[in-house]
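Structure first, then comments.
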Amino acid sequence: MTGSRAVPGLRWPRLLAGRGRYVGDLAVRGMREVAFLRSPFAHATIRTIDCAAARGLPGIDAVLTHADLAHVVRPFRGTNALFETLVAPEQTALASSHVRHVGEPMALVVGDSRAACEDAVEAIEWDVDPLPVVSDPERAVSADAPCLHVAAPDNVCLAMEASSAGVDETFATAETIIDATFRFARHTGVPMEPRSLIASFDPSDGALSVLHSHQCPAAMQQAFAALLDLPAHRIDITCPDVGGAFGIKQQLYADELAVVATSILLGRPLRFLADRLESMASDIQARHHVVYARLGAASDGSLVALDVDDLLAIGPYSQYPRTSVGEGRALLTCTAAPYRVPEARARSRAVFTNLGMAGHYRGVGHPIATAVTEGLMEEAARRLGVDRLAFRRRHLRSVDDGPQRTALGPTFEPLRYAACLDALAAAIPTSDLEVWRDRVRASGALAGFGYAVFIEMTARGPAFYGDGGAEISTRDGCFVRLEPSGAVRVNASVTEQGQGVETAVAQVVADTVGIALSDVAIVTGETANTTHGGGTWASRSLASGGHAAFQAARTLRAEILSLAAALLQCGPETLDIIGGSIVDRDDSNERMTLKQLAAVCHFRPHQLPAGRQPALEAVASFGPTDAPFRAGCGVQLSAVEVDPDTGVVRLVRHAVAHDCGAIANPLFVDGQLKGGIAQGLGAALWEELVYDDQGQLLSGSLADYKVPTALEIPDIQIVHLPAGAAEEDPDTPPRFVGVGEAGTAGAPAAVMNAINDALAPRGAKLFQMPATPERVLQALGAARG
Amino acid sequence: MTHVSIDLTVNGRAVRETVQARMTLVDFVRERLDLTGTHVGCAHGVCGACLVLIDGVAARSCVMLAASADGRAVETIEGLSERGATRNLAEAFTRHGGLQCGFCTPGILVAAHALLAETTRPTRDGIREALAGHICRCTGYEPIVDAVADAAAGRQDAGP
Ligand code: FES
Ligand code: FES
């Protein structure tokens, strides 16, 4: 019933005409602007913040510090009840006694323009006593490291471990051990629209409404209710057009909370539009790991054991309400998931640093797990002198194995890794790549190609947040109703940031009911008008929201057919709905239009059989509960040239073979893959939040933090595995698997493997991202001795 | 605070306003003229979201003062769109998925329009060069390059 069609995004006509409605384009009468005084120190005790001079400046309504807000907003801590040992220090909307990272908000200014507010920020007089700084993860766990919180004398937020029983014994008898230390730079998501919101509190009726550039309005409703002592049903969060998010707009931010609290205090609408400089310092950061890993092989070349030890640099607090340990958790779950390795251990320690707040960015932990596993796999194949793909095929799990339980504990549904590998190798034969590589090498340059097999855990179930005590829904709902015009209106709890889920949900409804997409109108991202739902995170929206849409639309369709059958005096099973018409199922002859039926039901219901009350609306909600997540998988290929004189890496080609189940809209699925891969390529080669040893951010602008452009990102070849036959059944909800994070999961690993393939003839290796020219030259230099 | 009065045309309409000397052109068109299609992605001249045409030449309105547009003709995405100048580009972006969140899109459309005004036979590399001053975080660029190439081909078919 739900076909796969490349339908353009429903918002695109507006966006292409310059008629977007992002928060910064919106205004509420009486609205004031906001700017923050942010800490220029990475770690300090606050002595004084004197706002008197700032308050007297023209155009300034208020200047507030922690003391002014403390009675309106509660402090918060990013705990999770599943982890008893997790240290979650208290955080406040505005810093109270200490600042612990550069960019931490210290005071908030309200005025009639952002420029006036910024002038007032300059006029605030403050004084702090600097404290010693922890600016990198290895330093954080060194014996004499400064300590950020008394509750965590060793700076460890959480240590986690998963292991099978015989790891050490197996390594002791392994014939070959391949090991490496992998280093990953700190990133952030850089949505092109910075974070923004307009908070309007009306003291007369106690209602708070927030226009929010956000992924999870329902979660914000819960968070604001809990922290601001407001009834949740008096809070409406509306997400208008959102200019990208990538996990960065999934969180509660201290500065945003301060804006909402100030709106309550002042009883007037406030708009906060983060600028890029404050975004770089205060947006969620991620991916900052040092991982020591080793792989053991037996004398016959089979893999026998894997051991991964991860150090993850979070910021100074555990992020509320999701915590900052998600990357480590993902690492423990999906490291080596594609391979049969009898013994495995993975450890992750999340450590506090005086760097920016850390949490979830597109791919959460997957890129780290994949880069480590796949880096070791290619290094092992090199050491053992075997073909990389043959070596992988020998160890890849097969769908024939049934459920795939890994040595780390988790069990995955059967995934088609090998089929993806075969599809990729068929589309781009290794022999072609070897011919290309030999030709480039013959000219004196360095060239190589590499692969990365990846898993993507999508559409999480309720086990983590639900059982952990966080009010974060893993469900989504859909409300559909037939209008007198014969059109269908849809209110869905999924949220749209450009990925296309809104359009896909509308497609599911249109196809399931049997009407044209142009006869569907959809509203998303409004807590007042949709069921309480999860919104966008962990590649989940269509898996849950598409399923709910299908069920709601099926119910409406059944009611329409039943009503039509009553009017036409036939059996509902003899009718069908095609293109907005009710037709005979046998010959598709039109019996009446949907509009005619709707008009009877809305305006002349007495024409229906006596007592019949038409139910022209239906609602359904859905969230996976049977498994911790739905997994997709795939393989990526990267080919690079490396200039041995400059160290510059050029991406020559990139490809992905992918299995994500049913595809509602190939335009969006391919868009997710290509966009995600581009971010992964950025991770591999350019993107790095550089902090100095005093915790000062040195790459705090887009001139310093290199986001790749059209000059660097190559065209990307995509091979989709066809969905299984069961998904064609019209009575079964389409089984969508997420696709949003596949690109970032695999791309960095593929690029690093390609670079190492290129460097191998020189005996050089590089396991540090991004692979900047400097690092490439150092690797080449080290190999020369 | 120093103020200046400026006299210019914006999207073909005469505009006379008094602005703070420090006001940027992008703030002027967005906040004073309600032309919010021109976006601010960085405010430091890197991302291209704020691209407008000034006397027909593409310029970053976040690193220009409104005062410096005095006496000039400014055209924004709204103007280009309303007079149909970006229609076939918009159609091509729609066919190829050349946008997702749409935040970078107005700037990129302005750049593509400026490119196609120079040549209707750009190479793929030429398109990539022309877009090098823009950041799109969503699409990975390939669909944008496809769309611009397709729009260029459409303009060739339509004749000079
Ligand atoms: S906003 Fe002007 S270049 Fe980024
Ligand atoms: S479409 Fe989102 S930044 Fe380009």
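Values quoted throughout were computed directly from the atomic coordinates according to the rules given, and no laboratory measurement underlies them. This is a predicted model, so every value here is computed, not measured. Quick reminder, even Gly has a Cβ in these numbers, built from the backbone with ideal geometry, and neighbours come from all protein chains shown.
Numerical summary
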item	result
Distance histogram for region A:475-622 (every C-alpha pair counted, 10 angstrom bins, percent rounded to whole numbers)	13, 42, 29, 14, 2
Efficiency of FRET between A:Glu122 and B:Thr2 - r from beta-carbon atoms, R0 22 angstrom, step 0.05	0.80
P(r) of the protein assembly as shown over all Cα-Cα pairs, binned every 10 Å from zero, in whole percent	2, 12, 20, 24, 21, 13, 6, 1, 0, 0
Peptides ranked, highest mean first, by Cβ atoms within 10 Å: ranges A:659-665, A:202-208	A:659-665, A:202-208
Shielding by other protein chains, A:506-517, mean Cβ within 10 Å	0
Neighbourhood charge, 9 Å Cβ-Cβ cut-off, centred on A:Leu517 and excluding it, Lys, Arg +1 and Asp, Glu -1	-1
Cβ neighbours within 10 Å from other chains - mean over A:3-12	3
Stokes-Einstein D (µm²/s) once Rh is taken as the Kirkwood radius of region A:15-101 over alpha-carbon pairs, at 10 °C in 1.306 mPa s	94 µm²/s
Lys, Arg +1 and Asp, Glu -1 on Cβ, resulting dipole of region B:84-154 about Cα centre, debye, nearest 20	100 debye
Beta bridges by DSSP in chain A, antiparallel share as percent, to the nearest 5	80 percent
Sorted peptide list for B:73-85, A:500-512, criterion being average Cβ within 10 angstrom, highest first	A:500-512, B:73-85
Descending semi-axes in Å of region A:606-761, equivalent ellipsoid built from Cα gyration tensor	45, 21, 14
For region A:452-512, convex hull volume per residue from C-alpha positions, Å³	148 Å³
Residue-averaged [θ]222 nm for the protein assembly as shown, counting only DSSP H segments that reach four residues, each worth -39500 (n - 2.57)	-9000 deg cm²/dmol
Given charges at beta-carbon only (K, R positive; D, E negative), |dipole| of region A:14-166 in Debye	780 debye
Principal-axis tilt of helix B:87-96 within chain B, Cα atoms, nearest 10 degrees	50 degrees
Calculated P(r) of chain B - Cα pairs past 18 Å, %	56 percent
DSSP bridge orientation in chain B - percent antiparallel, rounded to nearest 5	90 percent
Leading residue at positive end of dipole, chain B (Cβ point charges), from B:Ser61, B:Ala147, B:Ala158	B:Ser61
Karplus-derived HN-Hα couplings along region A:171-187 (A = 6.51, B = -1.76, C = 1.60, θ = phi - 60°), whole Hz, x at Gly and Pro	4, 4, 10, 5, 6, 10, 10, 9, 9, 6, 9, 9, 10, 10, 7, 6, 10
Semi-axes of the equivalent ellipsoid for region B:3-80, Cα gyration tensor, largest first, Å	17, 14, 11
Förster-model FRET efficiency, 22 Å R0, B:Asp70 and B:Ala117, C-beta, rounded to 0.05	0.35
Average other protein chain Cβ within 10 Å of Cβ, residues A:235-245	3
Estimated FRET transfer efficiency (A:His602, B:Asp34; beta-carbon r; R0 45 Å; 0.05)	0.70
Packing-based ranking, highest mean first, of A:605-611, A:702-708 given that Cβ atoms within 10 Å are counted	A:702-708, A:605-611
Given charges at beta-carbon only (K, R positive; D, E negative), |dipole| of chain A in Debye	720 debye
Cut-off 12 Å between beta-carbons: net charge of the residues surrounding A:Gly746, Lys and Arg +1, Asp and Glu -1	-3
Percent of alpha-carbon pairs separated by more than 21 Å within region B:84-154	9 percent
Linear extension gain, A:Ile578 paired with A:Arg481, 0.36 nm per residue minus alpha-carbon span	33.2 nm
DSSP beta bridge pairing in region A:134-252, given as percent antiparallel to the nearest 5	65 percent
